[in-house]
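Here is the structure we will look at.
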Amino acid sequence: MEPVALLSDWQFVVSNWRFLLLGTVVTILLTLSSLSLGFLLGFPAGAIEVYGDGWLKSAVNTVGVILRGTPIVVLIVLFFFALPIPRLGTVPVIDMQMNAFIAATLALGLRSAAYQGQVFRGSIQSIASGQMEAARSIGMTKLQAVRHVIFPQAVRRSLPGFQNEFTIVLKDTSVAFAIGLAELLTRAERLYLQPGRDTAVIEVIIVISAIYFILTFTTNRALDRLQQRYAIPGGNE
Amino acid sequence: MTEAAETRGSAVGRVGGRKRQVFLAVGGLFWTWLLARWAYHNTLLDGLLTAVGLPDVLRSDLGVSQREPWLPADWFAGVAANLATDAGGVSVLVVDPLVWLFELAALAAESEPALAAGAFLTVYLTVLSMFFGLFIAVPAAVTRIYGGPISSRISLAYTELIRGTPLLAQLFFFYFGLPLAGFISGFRVMEVSGMPRAAAVVAIVAFTINSSAYQAEYIRAALQSVDPGQLTAARSVGLSRLQGIRHVVLPQGLRYAIPGWTNEFVYLLKYSSLAAFITVPELFRRARNIGSDTFQFTDIYLIVGLLYLALVITTAMLMNRLERRVTIPGVGMPAGRD
Amino acid sequence: MSLLRIENVDKSYGDEDVLHDVSFAMETQDVEVIVGPSGSGKSTLLRCVNRLTEIDSGAIYLNDEEIHSLDENELRRRVGMVFQDFSLFAHLTARGNITLGLREVLELPKEEAVAKADDYLDRVGLADQGDSYPAELSGGQQQRVGIARALAMDPDLLLFDEPTSALDPELIGDVLRVMNDLAEEGMTMLCVTHEMGFARSAASTVTFLDEGRIVERGPPEQLFENPEHDRTNAFLGELSGLH
Ligand SMILES: Nc1ncnc2c1ncn2[C@@H]1O[C@H](COP(=O)(O)OP(=O)(O)OP(=O)(O)O)[C@@H](O)[C@H]1O
Ligand SMILES: [Mg+2]
């Protein structure tokens, strides 16, 4: 411990880069798993809210309100404590408890699905009703029309909303701190809780904030590019 | 056939029909309870009543942990215990959920005074932070659009840095990083009873800064949607640039910002729960503490989730109303993100 | 045997009677033009024929088959429609707009669909615009793609709902030329349009619809020169005053 204690707080953070890098890996993994779950479920949820009927639509709507109306920290701890997630042990190297990871993915992913569903629903509804009629008038079934005419346009219009959702999920992975998942923020705390390192709080927090910022910033730019690439020529949406 | 597009990610959306009636009824009960609890333990009100000769009506002297539940917690617990022991020949499938429901009710009744105190602090944190945040957001948005090359970049950097980093990290920064808490406790006013503890003040500072960045974005987008011809017209009647912004652009633009602003309000109501991690005894913190005391984590988090839902849904409905109230015909259509 | 036979069709929205006891028939290669004031039920009548709207009572026969006994998608394949606002699929190129139905409904192989699409684009004078997206085309060009899209399905009957009324005056000519060509080639067409020139030159019959009822019906010369009813006269007078 002796030589370490002599380091300045900044040097201390830098010398622990590997420790923080592993946290960053967990943060990215959690973001990706949650967003994927959110997309897989949000997409049909949005479609059901527009085209579904009866109890299914009503159920999707109610579950959506519950997920969007509850703080993410409550969802995470509730899923962690209430769900019978098997104890799957810990992933070596990144020191990630599997059951905490699964609970966090479910909470972040389901809530994201509720928001992505809203984005997608809005996009579908913003497409002029003439598009559906034109598709039906050449003999396409409703399903074909939705699949080939409505969805391709709706997905494009949803991209800004999905991008927004990406930033929110990435930042909210930090709330998995509440169940001790070894993501970036949790690891930051472990660093400055080391004996004699309580003076390094500011430095550690600034560094991890910078990491979060770089992640959101670069991904946002990349997604901007992607949107430009897939924009419909001449279309203003 | 399709209803008007509503793309903003509001928590609740439009609620109609029977669901609305249910929400209104439950929400009414919830707020009656919250306000009654607040009044019952309010120092100022108690002082007033004592002054007019009614010293024992209100109980502001009781600490949160000494407050009596208003519902018979013991009775619920008793029913649960009885059911569990003499289930007789009744199927476990029926009894177990019933036992659980009564246990849940018992826990809810028992924790109700503490949860009310927490919920009140949650509302308090949110309202104050949104209010203070507005005073940073408006200048930040105006600077961003109308400022010079340097000031508008500073404004941009401020909003992007705040919006690009997690709120929880910001809370840690202000509470554990900066010596803000110690600094605040140093003030003599902090010893006056009724003032929030230093941690709560730090939370308000962090939330104010965080929400100011989001509010600034909504306001900027709203101001930019005001026809630039409006400012030209203002200048042409002899108003200075600042006067034009102040009297013509802002009154119109801020109306456009209302849907985004109300959205942000509901958003902060939910995210104020993160103050729990810097020891602020708001709603989520209260629940967490009860969980550690009773080990009934699932049950208490379920209860607190329902309380947040009640808070969020009633607020969202109120905000919807507000939006419809303040729109002027032809000005201000919903436009917002998050 | 008539190609299209409409018998005693009624349609109402709530208490509002939109179509009242409408009956008429069209033979193959007929060009029927429907005129009438706004809200008289012209669009509704067209939409009943391809079942975008369902009638309340009466019957509609296509080649002596009651259209409600047909599969609705099969019916719509056989009855093409051209829209006032074009309604091109915004995310697809001009060619893509045409191939979509060929591939998904007629299930043609890709090369065949593309060849056919290019052929129809050529017929409407847009051979060089296959790769353009709708937003990159003028209104007149978009409407011609709309016509090509409907034609490519090889329909027995084409419905036109005010195909030129959303166009700038200088763009109307191109679309009318395509419609005239189609009429000459023997396409059976049921057109709602207020283009009197087109009605005179191409129509076999003109029908005047008012408040959901057929007021008068006959060859264009008769209706335009010697209308039996004052209402017809008044309406046509107003129309020609506008143009
Ligand atoms: N989906 C609908 N629901 C209710 N009423 C409708 C609907 N579609 C049309 N109508 C009503 O039916 C009447 C006839 O409408 P329609 O569109 O057929 O008239 P039109 O002759 O095509 O008029 P225009 O020249 O304006 O296009 C109108 O009064 C209209 O308001
Ligand atoms: Mg019409």
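FYI, it's all coordinate maths here, none of it is from the lab. What you see is a predicted model; the values in this text were computed from it and never measured. Glycine gets a Cβ as well: all are built from the backbone with ideal geometry, and neighbour counts include every protein chain shown.
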Euclidean distance between Cα centres, segment B:105-135 to segment C:1-72, Å: 63 Å
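Within a 10 angstrom radius of the beta carbon, how do A:Thr70, A:Thr62 rank from fewest other beta carbons to most? Each step should come with its number before you reach the end.
Details: A:Thr70 25, A:Thr62 11.
Fewest-to-most ranking of A:Thr70, A:Thr62: A:Thr62, A:Thr70.
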Exposed GluC sites (Glu not before Pro) absent: longest stretch of chain C, with sites in DSSP loops and at most 15 other Cβ within 10 Å deemed exposed: C:108-210
R0 of 30 Å, Cβ-Cβ distance B:Ala81-B:Leu44: FRET efficiency to nearest 0.05: 0.15
Top of C:Ser23, C:Ser69, C:Ser132 by mean-square fluctuation, Gaussian network on chain C, Cα under 10 Å: C:Ser69
Alpha-carbon centroid distance for the pair segment A:77-156 / segment B:19-54, whole angstrom: 41 Å
Average other protein chain Cβ within 10 Å of Cβ, residues A:210-219: 3
Normalised contact order of segment A:2-229, rounded percent, pairs of Cα under 8 Å and 6 or more residues apart: 30 percent
Ranked list, fewest to most other Cβ atoms within 10 Å of each Cβ, for B:Asp61, A:Asp224: B:Asp61, A:Asp224
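For chain A, what number results from the quotient of the Cα radius of gyration and 2.2 N^0.38 Å? Write out the running numbers ahead of the final one.
Details: Rg = 21.8 Å, N = 237, 2.2 N^0.38 = 17.6 Å.
So chain A has a normalised radius of gyration of 1.24.
Go through segment B:114-221 and name the chymotrypsin sites (Phe, Trp or Tyr not before Pro) that are in a DSSP coil and have 12 or fewer other Cβ atoms within 10 Å of their Cβ. Show your work: numbers first, answer last.
Values: sites: B:Phe120, B:Tyr124, B:Phe131, B:Phe132, B:Phe135, B:Tyr146, B:Tyr158, B:Phe172, B:Phe173, B:Phe174, B:Tyr175, B:Phe176, B:Phe183, B:Phe187, B:Phe207, B:Tyr214, B:Tyr218; in loops: B:Phe187.
Here the chymotrypsin sites (Phe, Trp or Tyr not before Pro) that fit, given the DSSP loop and packing criteria, are B:Phe187.
First check a/c for segment C:1-95, with a ≥ b ≥ c the square roots of the eigenvalues of its C-alpha gyration tensor; if it is under 1.5, answer rounded, and if not, answer prolate when a/b is larger than b/c or oblate otherwise.
Values: a/c = 1.59, a/b = 1.22, b/c = 1.31.
It is oblate, given that a/c is not under 1.5 and a/b is not larger than b/c.
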Spatial separation of Cα centroids for segment A:188-237 and segment C:141-199, in angstrom: 55 Å
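Restricting things to alpha carbons, find the Rg to Rh ratio for chain B using the Kirkwood radius for Rh.
Numbers: Rg = 24.1 Å, Rh = 23.0 Å.
That ratio equals 1.05.
How do A:63-69, A:179-185, B:149-155, C:82-88 rank on mean C-beta neighbours within 10 Å, highest first?
Descending packing order for the listed peptides: A:179-185, C:82-88, A:63-69, B:149-155.
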Cα-projected label distance for C:Asn233 with B:Arg246, points at 7 Å along beta-carbon direction, nm: 7.0 nm
Long-range HN-HN contacts of C:Phe160 with modeled amide H, under 5 Å: C:Val82, C:Leu190, C:Cys191, C:Val192
Top of B:Ser212, B:Ser236, B:Ser273 by mean-square fluctuation, Gaussian network on chain B, Cα under 10 Å: B:Ser236
Point-to-point label distance, B:Arg324-B:Val22, nm (Cα→Cβ direction, 7 Å offset): 2.1 nm
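Diagonalise the Cα gyration tensor of segment C:103-243 and give the resulting equivalent ellipsoid semi-axes, square root of 5 times each eigenvalue, largest first, whole Å. Provide the component values of the computation, followed by the final result.
Values: eigenvalues 218, 56, 29 Å².
The three semi-axes for segment C:103-243 are 33, 17, 12 Å.
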Square roots of 5 times each gyration tensor eigenvalue, C-alpha, the protein assembly as shown, largest first, Å: 62, 31, 28
Extended-chain gain in nm, criterion 0.36 nm per residue less alpha-carbon gap, C:Ser201 and C:Asp181: 6.1 nm
GNM top mover of B:Gly53, B:Gly186, B:Gly244 - chain B, alpha-carbon springs below 10 Å: B:Gly53
Contact order normalised by residue count of chain B, Cα under 8 Å, 6+ apart, percent: 22 percent
Cα-based reach from A:Lys57 at 17 Å (exclusive), listing lysines while leaving out same-chain residues under 8 positions away: B:Lys19
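Note the full-extension length gain between A:Arg229 and A:Val25 as 0.36 nm times their separation in residues minus their Cα-Cα distance, in nm to one decimal.
On the way: separation 204, 0.36 × 204 = 73.44 nm, distance 2.83 nm.
70.6 nm is the gain from fully extending A:Arg229 to A:Val25.
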Charge dipole of the protein assembly as shown about the Cα centre (unit charges at C-beta), most positive-ward option of A:Leu226, B:His41, C:Leu46: B:His41
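In this model, which of C:Lys11/C:Lys110; A:Lys142/C:Lys110; C:Lys42/C:Lys110 are farther than 32 Å apart at the alpha-carbon?
Beyond 32 Å: C:Lys11/C:Lys110; C:Lys42/C:Lys110.
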Distance (nanometres) between label positions extended 7 Å along Cα→Cβ at C:Glu54 and B:Glu68: 6.4 nm
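May I ask you to derive the relative contact order of segment B:17-62, considering only C-alpha pairs under 8 Å and at least 6 residues apart, and to give it as an integer percent? Walk me through the numbers before you get to the answer.
Values: 28 pairs, mean separation 14.1, N = 46.
So the answer I get is 31 percent.
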